[in-house]
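In what follows, a single structure is set out as structure tokens and then discussed.
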Amino acid sequence: EITSLLSLYGGQFSGEQEIRVNSPFWILDITSEEMARGLMKRTVCAKSVFELWGHGRSAGELYASLKSYPMDKMLPYLQSDSTYKVHIHTFNKTLTQAQKIKKIDALEFLPFKGKVNLKNPEHIFWILEDYGMDPNNVPEEPFHLYFGRWIADGQRELIESYSVKKRHFIGNTSMDACLSFIMANHGRVKPNDVVYDPFVGTGGLLISSAHFGAYVCGTDIDYNTIHGLGKASRKNQKWRGPDENIRANLRQYGLEKYYLDALVSDSSRPIWRKGMLFDAIITDPPYGIREATRRMGSQKETVKSAERSTENHIFVSSNYHLSDIFFDLLKFAAEYLVMGGRLVYWLPIYRPEYTEEIIPRHPCLKLISNCEQMLSSHTSRRLITMEKVKEFK
């Protein structure tokens, strides 16, 4: 997510970053504070970003590192007419108030000239201590310590405010709010983009893109879902209400102006005119575990599979194989994405047999990232992000 957002804001991601596995802290090289603030306006994975003044594996190393930090970079935040406070955060350990005060007092060698203001300070400084990831084996001393100036917080509160539990219109497989924001960030969705979801369902993925200012549209083969008809997915509710639809979801969050439309259509059949281009395609294809995969069939196929909705809307559907879904999706993205546009989708995996070779490829699309979400000991799904790098022929 951070890599995608950095490239969206014109930053360069350096491969030499210190990525310490099994640590929640990450040292990043970001060119400007403005870029760091831009990142934090979007990310739901990161909690906060700080300007790092010093770090080390022990208190002594931290203090030595702080003493070597250039004084001219510190001084603007330590002026006598300014207010500040020092906050201490320990990961995987709880300190007593006395221990915290002792650690803060040990920083008195820093030339703070301003007044302490705990309620509304101009500058906030943080001591961050990393006690590892194992709650059953907490070390006496931290593995790593950091000291820095707080710049901005991430968007973690979006996860709660867009929670599926409070959403007007949901289905069996509505995407979790946190994951849908991560997908929009992987797709580098920005204001005035046009974002498309070919398996739109109840439109959960459209909401996160619209939140970032993109115009959204989608298609789905299920007439009842698109029109908000039929049985409800919510507990203690039998049928969907008269205004349970995708537009109502966007209206609930004040995003209705970004809603283009949702159409009943089979994603394996071409419906768009040539030259129709999307800035991003963000989708969660049906894997057939909790929702059926299907596509339009011929009239000759068994009449048993004819489906009838409340509007007497009849079509014949046939099974749609998983490999075909992804093959069609990549071909569609290669043709209908703008150059540099991104395709973001979930790929279900049987873990014991997984290798990187099974990820579908297309000559016009470059694989950007491949992240795993564990579902059980044997199954997971991978969030695949691809970028269009060649014109479709």
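The values are calculated or read from the model by the stated rules, or taken from the named source; none is laboratory data. Owing to the predicted nature of the structure, the values given are computational and were not obtained by experimental measurement. As a convention, Cβ positions derive from the backbone with ideal geometry for all residues, glycine included, and neighbour counts pool all protein chains shown. We work out accessible area using only protein heavy atoms, side chains counted, and drop any ligands, DNA or RNA first. Shrake-Rupley method; radii C 1.70, N 1.55, O 1.52, S 1.80 Å.
A few points about this structure:
- Per residue, in Å², the accessible surface of segment 1-154 once ligands and nucleic acids are set aside, probe 1.4 Å: 58
- For the set Asp193, Asp328, Asp72, solvent exposure ranked by accessible area (probe 1.4 Å, protein chains only) runs largest to smallest as Asp72, Asp328, Asp193.
- Accessible surface of Ser68 - all protein chains present, 1.4 Å probe, nearest 10 Å²: 90
- Ranking of Leu322, Leu66 by solvent-accessible surface, largest first: Leu322, Leu66 (1.4 Å probe, protein heavy atoms only, all chains present).
- Lysines whose Cα lies under 20 Å from that of Lys165, excluding same-chain neighbours fewer than 8 positions away: Lys231, Lys235, Lys238
- CD proxy at 222 nm, helix term only [per DSSP H run n ≥ 4: -39500 (n - 2.57); per residue of the chain; nearest 500]: -6000 deg cm²/dmol
- Ligands, DNA and RNA excluded, the heavy atoms of Phe50 present near 50 Å² of accessible surface to a 1.4 Å solvent probe.
- Accessible area (Å², 1.4 Å probe, nearest 10) - Met339: 90
- Share of carbon and sulfur in the accessible area of the chain stands at 52%, probe radius 1.4 Å.
- Magnitude of the charge dipole, segment 1-154, Cβ model with Lys/Arg +1 and Asp/Glu -1, debye to 20: 480
- Exceeding the 23 Å Cα-Cα cut-off - candidates Lys366/Lys393; Lys41/Lys103; Lys73/Lys113: Lys41/Lys103
- In terms of packing, defined here as the mean over residues of other Cβ atoms within 10 angstrom, the peptides 22-28, 341-347 line up highest first as 341-347, 22-28.
- DSSP-defined beta bridges in the chain - what % are antiparallel, rounded to 5: 60
- Nearest 10 degrees, 0 to 90: helix 177-186 Cα axis against the chain principal axis: 90
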